[in-house]
Amino acid sequence: MIIDSFRFFYNNYFFTNQFTLDPRSDSEILVDYIINKFKYQHITILDLGIGTSCLISSIIMHLPYAIGTGIDISTQAIKVAKYNINSFQLNNRINIIQNNWLDKFEKPFDLLISNPPYLSMEEIHQYKLYDDPIIALEGGLSKYIDIYHKRYLFKYMIIEINPTHLDKLLKYFSNAIVINDYINLPRFLFIEN
């Protein structure tokens, strides 16, 4: 089990522990996509499931006119995110809210970014992911459906997906641009609402 460590992500080291997922290199594709698409634009960003803050912090560092908000249900993950945000001196540009996903959340943003919990318990057991926080892994399709029902809050969305869910997700997000990961599997959906 990981107690406390630092992981390299998008040219920076992020603190992580047993309450957060380790940043994955494939998620850098999401960061690159957003930086290239929104360079020099004034945008507001919501990171749903902020975890370590590696996604929103990396994006905010490269988009000088962007401001962000991160949501997480885990008090411990929020502590990790705050540590990282403070260490990169981004606390004046990134706000954190403790909330249960999008429950009772109605504030509009230009962009939603999220790597939602998308594995089933069967997949967690199959891949033996016992060292990762279950709350950050387990969700199946339900978290995507929650996002779909709140899509009116966002002009754009980019969400990381389980490649096995692609066909089902395209029924909800039919106008999505599919972005592949480093091994050419569908890993992200970019949606313009």
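The values are calculated or read from the model by the stated rules, or taken from the named source; none is laboratory data. Since this is a predicted model, take the numbers as computed values, not measurements. All Cβ positions, even for glycine, are placed from backbone atoms using ideal geometry, and neighbour counts span all protein chains on display. With ligands, DNA and RNA removed, areas are computed over all heavy atoms of the protein, side chains included. Shrake-Rupley method; radii C 1.70, N 1.55, O 1.52, S 1.80 Å.
So is residue 27 small (Gly, Ala, Ser), within 26 Å of residue 99 (Cα to Cα) and modelled with pLDDT under 95 or not? Spell out how you get there, then give the answer.
Numbers: small (Gly, Ala, Ser): yes; within 26 Å of residue 99 (Cα to Cα): yes; modelled with pLDDT under 95: no.
No.
Of the residues that sit in the range 1-24 and are open to solvent by 50 Å² or more (accessible area, probe 1.4 Å) and in a strand (DSSP E or B), which one is modelled with the lowest pLDDT?
So, considering only residues that are open to solvent by 50 Å² or more (accessible area, probe 1.4 Å) and in a strand (DSSP E or B), the one modelled with the lowest pLDDT is 4.
I'd like the full set of residues that are open to solvent by 20 Å² or more (accessible area, probe 1.4 Å) and β-branched (Val, Ile, Thr), limited to the range 28-43.
Answer for the range 28-43, where residues must be open to solvent by 20 Å² or more (accessible area, probe 1.4 Å) and β-branched (Val, Ile, Thr): just 29.
For residue 52, state whether it is assigned to a loop (DSSP other than H, G, I, E, B) and modelled with pLDDT of 95 or more.
yes
Could you tell me which of the residues 131, 167 is over 18 Å from the mean Cα position of the chain (by Cα), of a type in the set (Asp, Glu) and modelled with pLDDT under 95?
Working: 167 fails: modelled with pLDDT under 95.
It is 131.
Pairs only if they're at least six apart or on different chains, beta carbon under 8 angstrom, first in the range 146-168 and touching a residue at least 60 places away in the same chain (Cβ under 8 Å), second assigned to a helix (DSSP H, G or I) and among the β-branched types (Val, Ile, Thr); list them, first residue then second.
158/34
Restricting to the range 44-71, name every residue that is closer than 20 Å to residue 106 by Cα, open to solvent by 20 Å² or more (accessible area, probe 1.4 Å) and not β-branched (Val, Ile, Thr).
Matches in the range 44-71: 49 only.
For the range 172-192, which residues satisfy the criterion of being part of a loop (DSSP other than H, G, I, E, B) and not acidic (Asp, Glu)?
Residues satisfying the conditions are 173, 174, 175, 176, 182, 183, 184, 185.
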